[in-house]
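Scroll down for the structure; my scribbles are underneath it.
The values are calculated or read from the model by the stated rules, or taken from the named source; none is laboratory data. Predicted model only: the values in this text are computed from it and were never measured. Note: ideal-geometry Cβ built from the backbone for every residue, glycine included; neighbour counts use all protein chains shown. The accessibility values were calculated without ligands, DNA or RNA, using every heavy atom of the protein model including side chains. Shrake-Rupley method; radii C 1.70, N 1.55, O 1.52, S 1.80 Å.
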Amino acid sequence: MSAAQDKISDLFVIGGGINGVGIARDAAGRGMSVTLAEMNDLAWATSSASTKLFHGGLRYLEFFKVRLVREALIERETLLRAMPHISWPMRFVLPYHKDMRFDSDTPTSRLLTTFMPWMKGRRPAWLIRLGLFMYDHLGGREILPGTKTLSLKGSAEGAPIEDRFELAYEYSDCWVQDARLVVLNARDAEARGAEILVQTKVTSARRDEGIWVIETTDQRSGETRSHRARALVNAGGPWVGQVLQETLRLNSREGVRLVRGSHIVTKKLYEHDKCYFFQGEDGRIIFAIPYEQDFTLIGTTDAEHAELSEKPRCTDDERDYLLNFANNYFTRDLSAEDVVWTYSGVRPLYDDGASSATAATRDYVLKVDDTGGAPVLHVFGGKITTYRRLAENSLAKLVPYFDGMEGDWTAGVPLPGGDFPVAEVDARIAKLQDSYPFLTPKSAQRLFRAYGTEVTDILGNARKSEDLGRDFGAGLSEAEVIWLMEREYATRAEDIIWRRGKLGLHLSADQVAALEDWMQNRHAASAA
């Protein structure tokens, strides 16, 4: 047996989405030896296809999910302090009109119908304001401003939407660059001793005398490896059930419900920096969010996704649903020709037997199976906002199997590049542009919002843009690409333009092909 095969890690994590890297980081920070394997790129699936929000989930209050909302609201500011470069506060404008409706499946709707039958199906203004009052006070808010009532007449917020909306409520939540959150957690885990393996598929895992033996295959080279670990974490996201049944060959009654959330992106629809929270007459809600400086993001849908083998995509029906929903609010009439990009993600929700995709729980469920001695932890569900708490609770589940495990530590500890106060973002972007005057204001903002205090490690002593090497378009320099390949696990052009950032919205097909060729040539040269 080789030295590598003889090594026994404390923890082997399957899955490089937000739950997997969050658990790997937390465990590594407690002094545990950790290996993580992701079969594609980090954040390849659900964790790069979210609505990009740190939020408590205002609508979950209608399902009486008070504990879930409270935990998420507390986490908003904890996470904001740890990553003020890739997340930031955002104000949400909720226009009100008398035709707003509940989803008939919600407990609140049923309760209201029972005791106030004349209000059947309606969302009265007093109920929305009560929900927002709870939203303001459940989570111990310190940084974010509270709710206020807003007149839309003659205001910037009222300008892009129809005149029939005269009143709105404005409240706070946060925006986050979801895929960058995953990468930064992986980097921090590695800095604390974890081994992060991308493009590495777990082909089998079995228990052998109280130890997990895990076989992996490098998707690029075909190289196979054998790993040994005292405990296993199945954080496969949409593949959690497949890993459980096919890779681990375990029997379980626990199941996952696959729900597709689709989004559309249009050119910028308004000039201010606030998000809209739109409520439909069918009881659902969507967001319209300022996106990547020049665009507006609209989403999301909730649709059952039957086949895991079928790559999620925004169907024409989903696209049209979102367009029609938005057209009930915006004065500009949007059509399919206005859509510049769509994306879809599959949420791996815990199957709680809910009657609809919308009503299915967004809470996470953690299940430990220690049959045969070596434990495996299966992670069902979860949401980006509560990933850090999910990681803490996952390690708490494993405490009985590791004597002397260190305690919780991640709250308040910044991720790479986030070691500065939230209030200093604008000043630091201005200072970056002063230090590198060849950067445009948009480039300075993009770079700082991606890399924070590490941006100077990329730009170095550059005095002009040519000092950063080849320009691949949209401000993407050779120096930045090298950083992403050497420090952030990027192996393909799509890793960079659709996950480490969203420059794919700005680059032509020829520019993407040139970037891919350059990266593969660099890979080949480094392997020679």
Whole-Hz couplings from phi, Karplus 6.51/-1.76/1.60, listed for segment 232-240; x for Gly and Pro:
10, 10, 9, 10, x, x, x, 9, 4
Under the definition of Cα pairs under 8 Å and six or more residues apart, what whole-number percent is the relative contact order of segment 427-528?
18 percent
With every protein chain kept in place and a 1.4 Å probe, the chain has an accessible area per residue in Å² of 42 Å²
So what is the 222 nm mean residue ellipticity for the chain from helices alone, if each DSSP H run of at least 4 adds -39500 (n - 2.57) and you divide by all residues, rounding to the nearest 500 deg cm²/dmol?
-8500 deg cm²/dmol
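Output the peptides 290-299, 478-487, 250-259 sorted from most to least packed, where packing is the average of other Cβ atoms within 10 Å over each peptide's residues.
Order by mean packing, descending: 290-299, 478-487, 250-259.
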Set of lysines near Lys65 by C-alpha distance (under 28 Å), chain-local residues within fewer than 8 positions excluded:
Lys52, Lys98, Lys120, Lys148, Lys274, Lys367, Lys383, Lys397
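Going by average Cβ density within 10 Å per residue, which order do the peptides 12-21, 319-328, 66-75 take, highest to lowest?
Going by the mean number of other Cβ atoms within 10 Å, highest first, we get 12-21, 66-75, 319-328.
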Please report the relative contact order for segment 252-407, taking Cα pairs under 8 Å with a sequence separation of at least 6, and give it as a percent rounded to a whole number.
24 percent
Computed label-point distance, nm, for sites Arg332 and Ala156 using a 7 Å Cα→Cβ extension:
1.6 nm
With a 1.4 Å probe and all protein chains in place, put His378, His272 in order of accessible area, largest first.
His272, His378
Cross-link candidates for Lys268: which aspartates and glutamates have Cα within less than 13 Å, leaving aside residues fewer than 8 places away along the same chain?
Glu292, Asp294, Asp338
Can you work out the Karplus-derived ³J(HN,Hα) for every residue in segment 481-498? Use 6.51 cos²θ - 1.76 cosθ + 1.60 with θ = phi - 60°, whole Hz, and x for glycine or proline.
4, 4, 4, 5, 6, 7, 10, 10, 6, 6, 10, 10, 4, 5, 4, 7, 8, 10
Take Thr78 and Asn521, extend 7 Å from each Cα along the Cα→Cβ direction, and tell me the distance between the two endpoints in nm.
4.8 nm
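Highest mean first, how do 211-222, 82-93, 232-243 rank when packing is the count of other Cβ atoms within 10 Å averaged over residues?
Output ranking for 211-222, 82-93, 232-243: 232-243, 82-93, 211-222.
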Quick one: ranking Thr440, Thr224 by accessible area, 1.4 Å probe, largest first, what do you get?
Thr224, Thr440
The set of residues whose placed amide H lies less than 5 Å from the amide H of Ala374, leaving out same-chain residues fewer than 5 positions away, is Gly210
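Which percent of the accessible heavy-atom area of segment 168-300 goes to carbon and sulfur, probe 1.4 angstrom?
Looking at segment 168-300 in its full context, I get 39 percent from C and S.
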The chain: projected area of the alpha-carbon convex hull, averaged over directions, in nm²:
25.6 nm²
HN-Hα couplings for segment 293-304 via Karplus (6.51, -1.76, 1.60; θ = phi - 60°), in whole Hz with x for Gly/Pro, come out as 6, 10, 9, 10, 9, 10, x, 9, 9, 9, 9, 4
